[in-house]
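Structure record follows, encoded as C-alpha cells.
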Amino acid sequence: MRHDERRRPRVLLLTSSPLDGADGGEVRLAADVLEALPDVDFVWYSQWPSRRTAPPERGRPVRVLSRDGLPHLPERVQAAGAATVWARRVDLVHAFLNVGRVFPAFSWLRPLLLGGRPVVHTVPWVMDASFLKHVRPLGTTVALSESMARRLRASDFGDIRVIPPMIALDEWPYLPRPEGFPVVLFAGHHDPRGGVETVIDAAVEAVRAGARFRLVLAMRRRSGQDNVMLDEALRERAGAAGLTDFEVRGYVEDMHALLATVHVLLFPPTARVGMADIPLTVLQALASGRPAILSDLPQFADLGNAVLRAPAGDARRTGQQLAWLLDQPRSWDVLADRGRALVEDHFGPERFAARYAALYRELLA
C-alpha cells in the first residue's frame with residue numbers, strides 16, 4: 001500500500017446487504033457516499049459468488065454469501081459478524097441501517113459489535129415509530145430530512161444531523177417538455193397507504209374535468225407479494241372507474257427513458273411508514289424537469305413550492321390539480337424550473353459530499 005493511501009482514513013460502510021446486490025435505499029446511500037468521498041479508504045460488503053450490479057471500483061470488498069443480494073436474515077447475520085471484525089480495523093464505522101424490528105437489539109449490542117470506534121448512523125427510514133422507544137443511538141445520527149430529524153429528536157436520539165440524499169445531476173439532466181399525448185406517471189409499491197388507489201381516482205376526476213392523458217402505473221415488487229394478482233386488481237379498478245387509457249407496469253429498468261416521456265409525476269401517499277421520507281423517484285423526476293403533484297404529508301414540506309400538494313387521500317383535489325397543470329403550459333414550465341433548481345441547491349452531489357466530509361473530519365479529529 002502506498003504511503004498516501006496509509007494516511008487516508010479507513011471507514012467501514014455497514015449495510016445489511018451487499019453494496020453490489022439488490023437495489024435498495026440503504027445500499028444506494030452507502031454507494032453514493034463511497035463515490036462522493038474519493039479521499040477515504042472504504043471497506044464495503046460485496047455479494048458472493050455472483051453480483052446483481054457492477055461493484056464499486058474503489059475500496060476493499062468483504063464477501064457476503066447471498067443468493068439474491070437482498071437483506072435476508074443470513075445476510076444480516078453475516079453483516080453483523082463482519083462488522084465485529086472490521087470495526088476494530090477501521091477509523092470510523094458508517095452504518096446505513098433502517099430502524100426496524102431487529103435494530104433495537106443491535107443498538108444495545110453496539111459496544112460489543114462495533115467496539116469503541118466512532119460511528120455515523122444514516123437512517124434511511126423508520127419502519128415503526130414505536131421502535132424508537134427501545135433504541136440506543138449508535139453514535140452521531142444522520143436524518144435525510146427535517147421531518148425525520150424532528151421524530152428522532154422527539155425520541156431523545158442524541159446528536160442529529162440532517163444531510164439530504166443526493167442526485168447525480170449529470171446522470172439526470174434537465175429534459176425539455178415532451179411533445180405529443182401527455183403521460184402521467186405513478187411509481188411506487190402495492191402498499192395499503194402508498195397512494196396508487198388515490199392516483200386512479202384522481203385520474204378519473206381529471207378526465208371528468210376535460211384532461212386527456214395516458215396513465216402509467218410503475219409498480220415495484222415487495223418480498224412476499226403476488227404482484228401479478230395485485231397488478232390485475234389495479235387494472236380492474238381502473239377499468240371499473242371508467243379509465244380507458246392506462247398501463248400497469250412492473251419494475252422499470254430504465255427510468256431515464258420513462259421520465260423522458262412523462263409530463264407529470266403523481267405521488268399522493270396517505271402515509272410514509274417504513275419508507276424514505278422523500279422517494280428517489282420524486283427527486284429524479286424533479287431533476288429531469290418533470291412537475292410533481294404530491295400529498296401534503298409533513299415529509300414533503302422540504303420540497304417547498306417546487307411541487308404541488310393536495311390533502312392526503314383527497315383524490316378530487318389531486319385530480320383537479322392534474323387537470324389544471326396539464327392545461328397550463330406556463331405553470332408547467334415554472335414548476336419544471338423550480339424542481340430542477342431545488343435538486344441542484346439541496347440534493348446535489350457537491351453539497352452531499354461536503355457535509356459528509358465535514359462530519360467525518362469532525363469525528364476523526
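The values are calculated or read from the model by the stated rules, or taken from the named source; none is laboratory data. Keep in mind that what you see is a predicted model, and the values were worked out from it rather than measured. We place every Cβ from the backbone using ideal geometry, glycine too, and count neighbours over all the protein chains shown. Keep in mind that these areas ignore ligands, DNA and RNA; they rest on the heavy atoms of the full protein, side chains included. Shrake-Rupley method; radii C 1.70, N 1.55, O 1.52, S 1.80 Å.
Against the definition (more than 25 Å from Ser288 (Cα to Cα), β-branched (Val, Ile, Thr) and assigned to a helix (DSSP H, G or I)), how does Val204 come out, yes or no? Yes: the conditions hold for Val204. Filtering the range 136-146 for residues that are open to solvent by less than 40 Å² (accessible area, probe 1.4 Å), aliphatic (A, V, I, L, M), touching a helix residue (DSSP H, G or I) at 6+ places or on another chain (Cβ under 6 Å) and within 30 Å of Gly116 (Cβ to Cβ) leaves a non-empty set.
Taken as a whole, the condition of being at pLDDT below 95 and open to solvent by 50 Å² or more (accessible area, probe 1.4 Å) applies to Asp226.
Table: residues versus (1) within 19 Å of Ala276 (Cα to Cα); (2) open to solvent by 60 Å² or more (accessible area, probe 1.4 Å); (3) in contact with a helix residue (DSSP H, G or I) (Cβ under 7 Å, 6 or more places away or on another chain).
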position: Arg153; (1), (2), (3): yes, yes, no
position: Pro165; (1), (2), (3): yes, no, yes
position: Asp170; (1), (2), (3): no, yes, no
position: Leu175; (1), (2), (3): no, no, yes
position: Pro182; (1), (2), (3): no, no, yes
position: Asp191; (1), (2), (3): yes, no, no
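Selection within the range 3-24: residues that are over 21 Å from Tyr360 (Cβ atoms) and surrounded by fewer than 18 Cβ atoms within 10 Å (Cβ to Cβ). The member of this set that is modelled with the lowest pLDDT is Asp23.
Summed over the range 126-168, the residues that are more than 23 Å from Leu34 (Cα to Cα), part of a loop (DSSP other than H, G, I, E, B) and in contact with a Pro (Cβ under 6 Å, 6 or more places away or on another chain) give a count of 3. Restricting attention to the range 264-302 and to residues that are over 14 Å from the mean Cα position of the chain (by Cα) and in a strand (DSSP E or B), the residue that is surrounded by the most Cβ atoms within 10 Å (Cβ to Cβ) turns out to be Leu266. The residue pairs whose first member lies in the range 321-348 and is of a type in the set (Lys, Arg), whose second member is open to solvent by less than 30 Å² (accessible area, probe 1.4 Å), and whose beta carbons are closer than 7 Å, counting only pairs six or more residues apart or on different chains, are Arg338/Ala306; Arg340/Leu286; Arg340/Ala287; Arg340/Gly289.
Whenever a residue of the range 214-232 is in contact (Cβ under 8 Å) with a residue 24 or more places away in the chain, its partners that are among the basic types (Lys, Arg), lying with C-beta atoms within less than 7 angstrom and at least six residues away or across chains, give the pairs Val216/Arg249; Leu217/Arg249; Ala218/Arg249; Met219/Arg249; Asn227/Arg221. Picking from residues in the range 303-336 that are under 22 Å from the mean Cα position of the chain (by Cα) and open to solvent by 60 Å² or more (accessible area, probe 1.4 Å), the one that is farthest from Glu205 (Cα to Cα) is Asn305. Between Gln78, Gln47, the distinction of being assigned to a strand (DSSP E or B) and either aromatic (Phe, Trp, Tyr) or free of Cβ contacts under 8 Å to residues at least 40 places away in the same chain (or both) belongs to Gln47 only.
Counting the residues of the range 343-358 that are in a helix (DSSP H, G or I) and either touching a helix residue (DSSP H, G or I) at 6+ places or on another chain (Cβ under 6 Å) or open to solvent by less than 70 Å² (accessible area, probe 1.4 Å) (or both) gives 8. With respect to Ala54, is the statement that it is among the aliphatic types (A, V, I, L, M), open to solvent by 70 Å² or more (accessible area, probe 1.4 Å), part of a loop (DSSP other than H, G, I, E, B) and free of Cβ contacts under 8 Å to residues at least 60 places away in the same chain true? In short, yes.
Name the one entry in Arg317, Arg330, Arg361, Arg340 that is outside any strand (DSSP E or B) and closer than 20 Å to Ser145 by Cβ. It is Arg340. Taking the listed residues Ser66, Ser130, Ser107, the one that is more than 28 Å from Arg221 (Cα to Cα) and either open to solvent by 80 Å² or more (accessible area, probe 1.4 Å) or of a type in the set (Ser, Thr, Tyr) (or both) is Ser107, with no other qualifying. Please verify whether the range 212-219 includes one or more residues that are more than 20 Å from Ser288 (Cβ to Cβ), open to solvent by less than 30 Å² (accessible area, probe 1.4 Å) and aromatic (Phe, Trp, Tyr). Scanning the range 212-219, I find no residue that is more than 20 Å from Ser288 (Cβ to Cβ), open to solvent by less than 30 Å² (accessible area, probe 1.4 Å) and aromatic (Phe, Trp, Tyr), so the answer is no.
Scanning the range 16-44 for residues that are under 18 Å from Met166 (Cα atoms) and not in a loop (DSSP other than H, G, I, E, B) yields Gly25, Glu26, Val27, Arg28, Leu29, Ala30, Ala31, Asp32, Val33, Leu34, Glu35, Ala36.
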